[in-house]
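Everything below concerns the one structure shown next.
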Amino acid sequence: EEKWSQIESLGNTEEMAGNCALLCCVQRQLGYMAAFHEGNVGAARVVSQAPALPLALSWNGAGQVYGTSFAGTADCTLLEHLLDCVERAAKDHRFPTPAPADVKDIVAQVSLLRSFADISDSPFDWTPGVHGIWYSDGQQPQLVYLPQAVEELCRDDPDNAVQRIMSMVQRRADAEEEEFSLPEGHVLYRFETTSGECPISTLPLLQTRTIVDEHIRQLLFLKAARLKLNGAVGGSDTPRFALLSTEKQLGRAMIVPTEGAYGNFEDLFDAELRRDPPKGLQQVRRIFVISPVWDCFIDGCGIPEQRCAWYGNFALDIPLLEELRSSKVFQVLTVDQDQRERSIEALLPFVRSCVAQDQKFTLVPILVGGLMTEKAQEYVSLLSPYLADPENLFIVAGDVETLTETFDWERLSDLSGGPERFMIEAPKFVNRADQVVPIFSALELFLSMMAAAPKREEFLLTRYW
């Protein structure tokens, strides 16, 4: 009741339940990190200010339940408690998966449970339609019936609703006595609820960017050709990677071959990270992927449009991408345009190698097209601050061997202590004398970001392979 009083002090409790339902929809459609962000700084941020309460979530469609989950008490915020509950509901395979056409009709219903009273000694002291029932073995809930569930179960015989529910509890408790009784240590509660709903249709229509069949055929053909070439020349066609870290050896960026998976380079990359994982990758929550365009022309840099929420199984960072769009500096690619462009998808295997299988993170894809110096500085000022955050990782497409004509990549001892040298070399590379008009590639843009980043003197090129 003390926690419920705290929630009441934050405003209307029904609005709180409605905000919880909204966040459930955001998480289902956009991913954990999008819901976490919305619940911390977005329209539903009040949820992050509330303490965790027992709650119930259900996904309801037209005459169909697509999932349920319950959560007891916990020492965290209501937001964290809620998002964990959504994840458990997604893993409950007792319920059917909705057809794509039916998703828009699904409604999230969240019930916040309150006014708990122990009725173990008076199990019939509750009112159907007003109270729900929570039966626990003293450690974990065994049966939970919301008030609306009781009404649904006993619709045909409402006068005997209490007796019917108590019979179910007794069977669950394996109690054989004629009179109702619970095993020692077991507890029966009644409770009341405050509920809120949110239809998924409230959110904008979203799409997932997938890899088209033609790209898969091209990928397989080029992989086979690359393997044949390597076998013919003794494997001399070796790609080169670079790792950028801080003085504390925290991995901050990876420079990878532009061809990515089309060059059959992902196995070498993955093997090196498994052999000697860079420090800090486990704390990464956002990955920027910066790559030059292959299949389309962009004036400047491009990012996905609002409707695009996923790149395959990778959730996009919806709030940050919207912030970048609002700058009016980035070109916005439609889902169809994005689908035809292969450059980012070629680097996604590198993304997967950098994070653990169950690690939560979001993706920020940035395509680099025709980019002149004046325009490049706008992108540098927008993106360079993100280099200072250890929760951000950059994967940048570029040719490591061509960084400069004079920089000796084999002398790792020079790299470990030479951030000043690297920062001096970067502007030379960006503004080569033999270029009539300086044009920035993805790697050149990233080097300029580094030169403008906070604490840039801490960055080191610590590994090369």
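Name the residue that is surrounded by the fewest Cβ atoms within 10 Å (Cβ to Cβ), counting only residues in segment 78-108 that are β-branched (Val, Ile, Thr) and over 21 Å from Lys360 (Cβ atoms).
Residues of segment 78-108 that are β-branched (Val, Ile, Thr), as a first pass: 86, 97, 103, 106-107.
Now drop any that are not over 21 Å from Lys360 (Cβ atoms), which leaves 97, 103, 106-107.
On the way: Thr97: 10, Val103: 16, Ile106: 20, Val107: 19.
This residue is Thr97.
Among the listed residues Ala117, Ala161, Ala101, identify the single one that is closer than 28 Å to Lys3 by Cβ and either in contact with a helix residue (DSSP H, G or I) (Cβ under 8 Å, 6 or more places away or on another chain) or of a type outside the set (S, T, N, Q) (or both). Spell out the reasoning first.
On the way: Ala161 fails: closer than 28 Å to Lys3 by Cβ; Ala101 fails: closer than 28 Å to Lys3 by Cβ.
Sole residue among the options that is closer than 28 Å to Lys3 by Cβ and either in contact with a helix residue (DSSP H, G or I) (Cβ under 8 Å, 6 or more places away or on another chain) or of a type outside the set (S, T, N, Q) (or both): Ala117.
Inside segment 98-112, can you point out the residues that are touching a Ser or Thr at 6+ places or on another chain (Cβ under 8 Å) and farther than 16 Å from Thr202 by Cβ?
Residues satisfying the conditions are Ser111, Leu112.
Any residue at all in segment 151-165 that's in contact with a Lys or Arg (Cβ under 6 Å, 6 or more places away or on another chain) and either assigned to a helix (DSSP H, G or I) or not hydroxyl-bearing (Ser, Thr, Tyr) (or both)? Outline the logic, then answer.
Applying the first criterion (in contact with a Lys or Arg (Cβ under 6 Å, 6 or more places away or on another chain)) to segment 151-165 yields 154.
Then drop every residue that is not either assigned to a helix (DSSP H, G or I) or not hydroxyl-bearing (Ser, Thr, Tyr) (or both), which leaves 154.
Checked segment 151-165: at least one residue is in contact with a Lys or Arg (Cβ under 6 Å, 6 or more places away or on another chain) and either assigned to a helix (DSSP H, G or I) or not hydroxyl-bearing (Ser, Thr, Tyr) (or both).
What number of residues in segment 65-77 are in a loop (DSSP other than H, G, I, E, B), of a type outside the set (S, T, N, Q) and open to solvent by 60 Å² or more (accessible area, probe 1.4 Å)?
Number satisfying all stated conditions: 1.
Give me the pairs: first residue in segment 129-145 and of a type in the set (A, V, I, L, M), second residue buried (at least 22 other Cβ atoms within 10 Å of the Cβ) and not in a strand (DSSP E or B), beta-carbon distance under 8 Å, and six or more apart or on different chains, which are they?
Pairs found: Ile133/Trp126; Ile133/Val150; Ile133/Ile165.
Check whether at least one residue in segment 388-410 is of a type in the set (D, E, K, R) and at pLDDT 90 or above, and report yes or no.
Among the residues of segment 388-410, at least one is of a type in the set (D, E, K, R) and at pLDDT 90 or above, which makes the answer yes.
Mind checking which residues of segment 247-266 are open to solvent by less than 10 Å² (accessible area, probe 1.4 Å) and among the polar types (S, T, N, Q)?
Those that are open to solvent by less than 10 Å² (accessible area, probe 1.4 Å) and among the polar types (S, T, N, Q): none in segment 247-266.
Tell me the residue from Thr77, Thr73 that is modelled with pLDDT under 85 and under 21 Å from Glu15 (Cα atoms), please.
Only one candidate passes the filter, namely Thr73.
Identify, by number, the condition in (1) under 11 Å from the mean Cα position of the chain (by Cα); (2) surrounded by fewer than 22 Cβ atoms within 10 Å (Cβ to Cβ) that Ala35 doesn't meet.
If we test Ala35 against (1) under 11 Å from the mean Cα position of the chain (by Cα); (2) surrounded by fewer than 22 Cβ atoms within 10 Å (Cβ to Cβ), just (2) comes out false.
Just to verify a result, which residue in segment 113-147, among those that are out of contact with any Ser or Thr (no Cβ under 8 Å at 6 or more places or on another chain) and of a type in the set (A, V, I, L, M), is surrounded by the fewest Cβ atoms within 10 Å (Cβ to Cβ)?
In this case the residue turns out to be Val130.
In segment 38-59, how many are crowded, with 20+ Cβ neighbours inside 10 Å, small (Gly, Ala, Ser) and assigned to a helix (DSSP H, G or I)?
1
Do any residues in segment 450-463 that are charged (D, E, K, R) have Cβ atoms under 6 Å from those of residues that are open to solvent by less than 40 Å² (accessible area, probe 1.4 Å) and at pLDDT below 80, where the two are at least six apart or on different chains, and which pairs are they?
Glu457/Pro419
Go through segment 321-344 and count every residue that is in a helix (DSSP H, G or I), open to solvent by 10 Å² or more (accessible area, probe 1.4 Å) and closer than 16 Å to Leu383 by Cα.
Filtering segment 321-344 for residues in a helix (DSSP H, G or I) gives 321-326, 335-340.
Cutting the leftovers down to open to solvent by 10 Å² or more (accessible area, probe 1.4 Å) gives us 322-323, 325-326, 336-337, 339-340.
With the extra rule that they be closer than 16 Å to Leu383 by Cα, the set shrinks to 322-323, 325-326.
Total meeting the criteria: 4.
For segment 244-303, give me each residue that is in contact with a helix residue (DSSP H, G or I) (Cβ under 9 Å, 6 or more places away or on another chain), at pLDDT 85 or above, of a type in the set (Lys, Arg) and outside any helix (DSSP H, G or I).
Selection gives Arg252, Arg285, Arg286.
Picking from Glu176, Glu192, which residue would you name as being open to solvent by 30 Å² or more (accessible area, probe 1.4 Å) and modelled with pLDDT of 75 or more? Step through it out loud before you land on a result.
Values: Glu176 fails: modelled with pLDDT of 75 or more.
Sole residue among the options that is open to solvent by 30 Å² or more (accessible area, probe 1.4 Å) and modelled with pLDDT of 75 or more: Glu192.
I need the full set of residues from segment 104-146 which are β-branched (Val, Ile, Thr) and either at pLDDT 90 or above or more than 20 Å from Asp84 (Cα to Cα) (or both), in order please.
Ile106, Val107, Val110, Ile119, Thr127, Val130, Ile133, listed by residue number.
Kindly evaluate Leu363 against the criterion of being touching a residue at least 40 places away in the same chain (Cβ under 8 Å), under 19 Å from Val293 (Cα atoms) and under 12 Å from the mean Cα position of the chain (by Cα).
The answer is yes for Leu363.
Please go through segment 99-115 and pick out each residue that is over 16 Å from Gln27 (Cα atoms) and in a loop (DSSP other than H, G, I, E, B).
Within segment 99-115, Ala99 is the sole residue that qualifies.
Checking Ala62 against (1) open to solvent by 10 Å² or more (accessible area, probe 1.4 Å); (2) in a helix (DSSP H, G or I), only one condition comes out false. Which one?
(2)
Taking the conditions exactly as written (open to solvent by 60 Å² or more (accessible area, probe 1.4 Å), at pLDDT 85 or above and more than 36 Å from the chain's Cα centre (by Cα)), does Asp157 satisfy them or not?
Taking the combined requirement at face value, the residue does not satisfy it.
Step by step: first the residues of segment 298-317, then only those that are open to solvent by 40 Å² or more (accessible area, probe 1.4 Å) and in contact with a strand residue (DSSP E or B) (Cβ under 7 Å, 6 or more places away or on another chain), then the one that is farthest from Tyr32 (Cα to Cα). Which residue is that?
Here the answer is Asp299.
Among the residues of segment 345-379 satisfying the criterion of being buried (at least 20 other Cβ atoms within 10 Å of the Cβ) and under 18 Å from Asp299 (Cβ atoms), which is modelled with the lowest pLDDT?
Leu371
The values are calculated or read from the model by the stated rules, or taken from the named source; none is laboratory data. As the structure is a computational prediction, the values presented were derived from the model and not from experiment. Note that each Cβ is placed from the backbone with ideal geometry, even for glycine, and that neighbours are counted across all protein chains shown. The area values use the complete protein model at the heavy-atom level, side chains included, leaving out ligands, DNA and RNA. Shrake-Rupley method; radii C 1.70, N 1.55, O 1.52, S 1.80 Å.
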